[in-house]
Structure formats: C-alpha cells, structure tokens
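**Student:** To start, I am sharing the structure in question, which I have written as structure tokens.
Rule-based calculations on the coordinates, nothing more; no lab input. In this text the structure is predicted, and so the values were computed from the model without any measurement. Using ideal geometry, Cβ is built from the backbone for each residue, glycine included, and neighbour counts are taken over all protein chains shown.
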Amino acid sequence: LDTMPQNNYSIDIENSIHEIERVQNWLNSIMDQWNIDGSTSFKTELVIHEVLMNIISYAYSDNKPHNIKICLGNSDDEVLLEFVDDGVEFNQISSVDKQEMTNLELVKIGGHGRRLIKNYTHQQSYRRNNENNVLMLSVAK
C-alpha cells in the first residue's frame with residue numbers, strides 16, 4: 001500500500017468540522033460514478049469521517065487554518081484512501097487495544113474510531129514524510 005492508482009480524485013479541505021459535508025458530497029459523487037456498491041460506500045464514508053475527525057480534533061495545537069488532502073483511488077477489488085496533513089506526528093493505525101465491550105459503563109472513552117478504522121479497512125500504512133502525516137488505507141469491495 002504505497003501509491004495511489006492513476007485513476008484517482010483528490011480534494012483539499014481546511015481543518016474544520018464544516019468541511020465534512022463537502023467531503024461527503026464529493027465522495028458520494030465519485031462512488032456513484034465508479035458504481036461502488038452500498039456496503040463499500042458506507043464503509044468508505046465511515047472511515048473517511050473517522051480519520052478526518054481525528055485529524056481535525058487532535059492534529060493541531062493552534063487555531064490556524066491547515067490543509068488536509070484526501071485522495072481516493074479505485075482498483076478492481078478495493079477503494080484506496082490517502083490522507084495527508086501537517087499536524088503533529090500521529091499514527092492513527094498504531095496498536096489499538098482490543099477492549100471487550102460487555103458493559104457500557106466500564107468501556108473507556110476514546111479510541112473507538114481508531115478501532116473502527118482498523119475493522120473496516122483491510123490494508124493500512126502510515127509514514128511521516130516532510131513534516132506531514134501520510135495515512136493510506138484500503139477498503140475491500
């Protein structure tokens with residue numbers, strides 16, 4: 001999971017919650033164009049939402065606008081996602097505790113989005129490149 005296929009789309013957004021709706025509209029348009037089934041579209045949208053919420057919520061210590069780039073690629077058996085941000089170094093796919101969820105009162109707050117990202121993607125890679133976080137994920141079709 002190193003490079004995006006040539007048939008890909010990208011969007012640049014600011015680190016603002018208000019950008020999520022624009023990303024969803026962009027994603028839905030591409031999923032329709034590529035004729036991606038509903039299940040794969042749902043998983044892809046959920047993963048993008050969780051990754052963006054983590055970046056927007058935790059990557060920046062200032063209140064300045066920052067650019068987040070999202071690339072979306074399509075291959076025969078997967079949808080590929082790439083996120084690039086200039087936030088603090090953070091690997092969203094590093095080890096995640098497998099927390100038993102038998103009693104909601106005992107479940108720790110936090111970390112569930114990262115677990116969801118791992119569960120809905122079948123390949124993940126992270127690297128730090130020139131002061132940027134580069135997260136690549138694939139969602140199986």
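**Student:** My understanding is that a pair violates if its Cα-Cα distance is over 26 Å; which of LYS118/LYS141; LYS43/LYS64; LYS64/LYS141 do that in this structure?
**Tutor:** LYS43/LYS64; LYS64/LYS141
**Student:** Of GLN24, ILE70, TYR60, which is farthest towards the positive pole of region 22-77's charge dipole, taken about the Cα centre with +1 and -1 on the beta-carbons of Lys, Arg and Asp, Glu respectively?
**Tutor:** TYR60
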